[in-house]
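What follows is one structure encoded as structure tokens, with my remarks underneath.
The values are calculated or read from the model by the stated rules, or taken from the named source; none is laboratory data. Everything numeric in this text was worked out from a predicted model, so none of it was measured. Every residue, glycine as well, gets a Cβ built from its backbone with ideal geometry; the counts of neighbours run over all protein chains shown.
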Amino acid sequence: MERLKIGITCYPTLGGSGVVATELGKLLAEKGHQVHFITHSMPFRLGKFDKNIFYHEVEVNDYYVFKYPPYDLSLASKLAQVVKQEELDLLHVHYAIPHAVCALLAKQMVGSHLRVVTTLHGTDITVLAQDESLSDLIRYAINESDAVTAVSQDLIQETRQLLGIEKPIDLAYNFVDKRVYYPREVASLRKEFAQPDEKILIHISNFRPVKRVMDVVDIFDQVHRDIPARLLFVGEGPELSKVLCRVKELGIQDRVTFCGKQDDVAQLLSLADLMLLPSEKESFGLVALEAMACGVPTIASNAGGIPELITHGETGYLADIGDVEQMASYARMLLTDDTLYEQIKEACLYRARYTFCNDVITRQYEELYYRVLEHPVPEALSVKPLQC
């Protein structure tokens, strides 16, 4: 099979888009493709050395003539430089702006032979596309890309509605690596967080307002009144101080643990009995998929792309945004019915493994790459794996 030279640009910090982009690059490298990460800092999940993975740092100089550091211009220049030096076949950029726009500028600099694949992850559409000063630029970035993917059908529909896009957009769900996300043996570690008779609820996010982390606190407050339970928070962000105040106000400090940012979230997920994701908007909800792969059901908002991931009553439960009482009710129901819990848990494991398998989604991206390059799709990619 012909090996490709692929450039990947993403936000390298903690967050779903950066995690997916990095994991995709690592999987592509394992399959023999040469992958070049072109970002302003080392991607959060890049990890150990791989002979097929290369990192190129985008340096942004703070010249006095610019009011703000010119990240987008520096990125476009770096992309063009790496494309020429490494003879890349294509750039796969995550987020329409600024990354797709920068990639298109780099394409103009190096020649039309370069292909640009853009993946839409959410806020580049759901938030930025509603800004009139940016909407035309986002529309341009999408229409001029050689191929566009989005992480949910809901996001595709919203992109078309907000921007009037008619260009084909491929659906490419987020995924988990089955070798990383699976139920781990954590009995000894669990003792550090909870007593044997206590349930553990968990929330992982960047603590932005859209995550409605205060709702997590209020849901837990209702649940722990009836069920011995603990709450783990993983991550950091702008709402953290408010959450700390709310926890103190409710007098539940001894039942809540703040773990901060963590690399190995699979281990923490394996400790948990239930994931809480009451977000106001999620284009997909990667953390819920990671929980499912570890056998942890999720109680979530019926918003955005979440219903494409969580089947209500089968792999978790969905409630209206802000309906803390209903979410708490679902949590109590699951945590007090062992038969139901095991049924939901097994359904989570099956759906994560067979519908959102890394092998399937990686093949889908490979097929897309060969298609935009107008190369024959290798026969091996046309055969669906028998088991993920």
Original post:
Can you name the strands (runs of 3 or more DSSP E) wholly within region 222-285 that have at least 1 residues being closer than 27 Å to Tyr182 by Cβ and over 26 Å from the mean Cα position of the chain (by Cα)?
Top reply: 229-234
Original post:
Taking into account only those residues within region 67-88 that are of a type outside the set (A, V, I, L, M) and assigned to a loop (DSSP other than H, G, I, E, B), which is surrounded by the most Cβ atoms within 10 Å (Cβ to Cβ)?
Top reply: Pro70
Original post:
Quick one: in region 26-66, which of the residues that are of a type in the set (Ser, Thr, Tyr) and part of a loop (DSSP other than H, G, I, E, B) is modelled with the highest pLDDT?
Top reply: Ser41
**OP:** Could you list all residues from region 172-188 that are surrounded by fewer than 14 Cβ atoms within 10 Å (Cβ to Cβ) and either among the acidic types (Asp, Glu) or more than 22 Å from Asp338 (Cβ to Cβ) (or both)?
**Re:** Arg179, Glu185, Ser188
Original post:
When you scan region 230-260, how many residues do you find that are farther than 16 Å from Asp218 by Cβ and surrounded by fewer than 14 Cβ atoms within 10 Å (Cβ to Cβ)?
Top reply: 4
**OP:** For region 1-25, enumerate the residues that are touching a residue at least 40 places away in the same chain (Cβ under 8 Å), outside any loop (DSSP other than H, G, I, E, B) and among the small types (Gly, Ala, Ser).
**Re:** Gly7, Gly16, Ser17, Gly18, Ala21
Subject >> Identity of the residue in region 355-386, outside any helix (DSSP H, G or I) and in contact with a helix residue (DSSP H, G or I) (Cβ under 6 Å, 6 or more places away or on another chain), that ends up modelled with the lowest pLDDT >> reply: Pro385
Original post:
Inside region 89-121, can you point out the residues that are surrounded by fewer than 24 Cβ atoms within 10 Å (Cβ to Cβ), in a loop (DSSP other than H, G, I, E, B) and touching a residue at least 12 places away in the same chain (Cβ under 8 Å)?
Top reply: Asp89, Leu114
